[in-house]
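The structure under discussion appears below in the form of structure tokens.
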Amino acid sequence: MKYVIEHFGKAFKWHLIEYEHISKIVGKENLMFTNVKEKKEALSAFGEARKESIADLNLPDICVLDPASDRILAPEDCKHFKYLVFGGILGDYPPRKRTKELLTSRMKNAETRNLGKEQMPTDNAVYAAKLIAEGKRFEDIKFIDTIEIDVQKGLSVQLPFRYVEVKGKPLISEKLVEFLKKRKTI
Ligand SMILES: C[S@@+](CC[C@H](N)C(=O)[O-])C[C@H]1O[C@@H](n2cnc3c(N)ncnc32)[C@H](O)[C@@H]1O
């Protein structure tokens, strides 16, 4: 299975940290970034980086992961898909169906699936989809909704998204936690 991240807009530090995490999750050789208009070299360290949009590459057997899709991704689906495509879109709260608006609407011939209706960060969506591609059913994946990270003494930041539970903890990269702690503004 190849995992594709269709990037949108500027490539912020937060994106780069998530993309590095995704590369660790699926392996650099299985990861492609599309619609990369800047920082192509930085992204090339984590996977193949292309400036074209996935919508213009005419790749076969594509499935777009979109919370607004009406079907849940299942292991048997993944036997027919070669590419799972995700939006390189930072979470917005409340969610505004941006995957549908920016990505799915442009992928006329692609199938779509969801990973539940709750919004996950892209790295967590990739991780959940990989578990399913490897045979796990969505219903058997454990999630944690809304997490709180202590950033300074007496100060925490809430992330109102869904995370996959791994060994009792939400899946979040150490680099992202460090980034949140060092950020001057919350
Ligand atoms: C942070 S989410 C952005 C979601 C966006 N706010 C929306 O409402 O569509 C980043 C990407 O992860 C994937 N994703 C996150 N949660 C998902 C879910 N529940 N089902 C399917 N894909 C999901 C999608 O590919 C999405 O574009």
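Note that region 104-111 has calculated 3J(HN,Hα) couplings of 4, 4, 9, 10, 4, 9, 8, 6 Hz, one per residue in order, obtained from phi through the Karplus relation 6.51 cos²θ - 1.76 cosθ + 1.60 (θ = phi - 60°); glycine and proline are x. Across the protein chains, with a 1.4 Å probe defining accessible surface, the residues 98, 71, 137 rank 71, 137, 98 from largest area downward. Close amide H pairs (under 5 Å, H built 1.01 Å from N) link residue 64 with 85, 111, 112, 113, residues at least 5 positions away or on another chain.
Only helices enter this figure: runs of n ≥ 4 DSSP H residues, each worth -39500 (n - 2.57), summed and divided by the residues of the chain, yield -7000 deg cm²/dmol at 222 nm to the nearest 500.
Can you give the net charge of the other residues whose Cβ lies under 10 Å from the Cβ of residue 34, counting K and R as +1 and D and E as -1? Around residue 34, the surrounding residues sum to -2. For residue 33, the residues 5 or more places off, or on other chains, whose built amide H falls under 5 Å of its own are 5, 48, 49, 50. If you average the alpha carbon positions of region 116-177 and of region 1-80, how far apart do those two centres end up, in angstrom? The two parts, judged by their Cα centres, are 18 Å apart. Hey, which of these cross-link pairs are over 32 Å Cα-Cα: 79/117; 108/175; 97/175; 2/100? Pairs exceeding the cut-off: 108/175. When the chymotrypsin sites (Phe, Trp or Tyr not before Pro) in region 1-31 are filtered for DSSP coil states and for at most 16 other beta-carbon atoms within 10 Å of their beta-carbon, the remaining sites are 12. How far, in degrees from 0 to 90, does helix 13-26 lean away from the longest principal axis of the Cα atoms of the chain, to the nearest 10? Here the helix axis deviates by roughly 60 degrees. In order along region 46-57, the Karplus-derived 3J(HN,Hα) couplings, from 6.51 cos²θ - 1.76 cosθ + 1.60 at θ = phi - 60°, round to 10, x, 5, 10, 10, 7, 5, 7, 4, 5, 9, 8 Hz, and Gly and Pro are given as x. Loop-located GluC sites (Glu not before Pro) across region 1-95 with a Cβ neighbour count of 13 or fewer within 10 Å are 38, 52, with loop assigned by DSSP. Computed on region 2-139, with alpha-carbon pairs under 8 angstrom and 6+ residues apart, the relative contact order is 29 percent. Equivalent ellipsoid of the chain: semi-axes from √(5λ) of the C-alpha gyration tensor, largest first, are 25, 20, 15 Å.
For region 111-130, the residues whose backbone nitrogen is under 15 Å from a point 7 Å from the Cα of residue 14, taken along Cα to Cβ, are 119-124.
The values are calculated or read from the model by the stated rules, or taken from the named source; none is laboratory data. This is a predicted model, so every value here is computed, not measured. In this analysis, Cβ positions are derived from the backbone assuming ideal geometry, glycine residues included, and neighbour counts consider all displayed protein chains. Side chains included, ligands, DNA and RNA excluded: accessible areas come from the protein's heavy atoms. Shrake-Rupley method; radii C 1.70, N 1.55, O 1.52, S 1.80 Å.
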